[in-house]
Amino acid sequence: MTTQHTPGPWIVSPKPGYMGAKRIQHPDALSDIALAWGEADARLIAAAPELATLCDELRATCGMLQDELSRVKAECDTLRAERVRLHGMLEVVSSEYLYVMNTNDIRDSRQNGQNAYAIAKDAVGDDT
């Protein structure tokens, strides 16, 4: 939602005939935008156009950051899924490697006349 206002810059000057009052106006305007009682209030009101611009810029920056955060989260989800997939593949490859190694040990033991059961027990670390 954008509200139209008198564009800046706004200036602060004394209001003639009003003791302590400050007028806020555009340099090219004939009428006052606002009146304030006190210098600090008047300067804060006069800063409104600049503050509104800064708020708009901040809102746009926040939107860009939210978009980037969404992109990074999606990328993290993809990487997590890939890690799970690769972990599963590693488990399969490890099991197949152990199977092949045990099979080779048993085949070698048969060729050497050793007991295949004893070789298999050694491979698993069974001391019974």
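Want the number for residue 73 to residue 43: 0.36 nm per residue separation, take away the alpha-carbon distance, what's left?
6.5 nm
Order the peptides 68-74, 45-51 from the highest to the lowest mean number of other Cβ atoms within 10 Å of their residues.
In decreasing order of mean packing, 68-74, 45-51 become 45-51, 68-74.
Tell me, what is a quarter of the convex hull surface for the C-alpha atoms of the stretch 35-106, in nm² with one decimal?
7.8
Every number here is computed from the coordinates shown, using simple stated rules; none is lab data. This is a predicted model, so every value here is computed, not measured. All Cβ positions, even for glycine, are placed from backbone atoms using ideal geometry, and neighbour counts span all protein chains on display.
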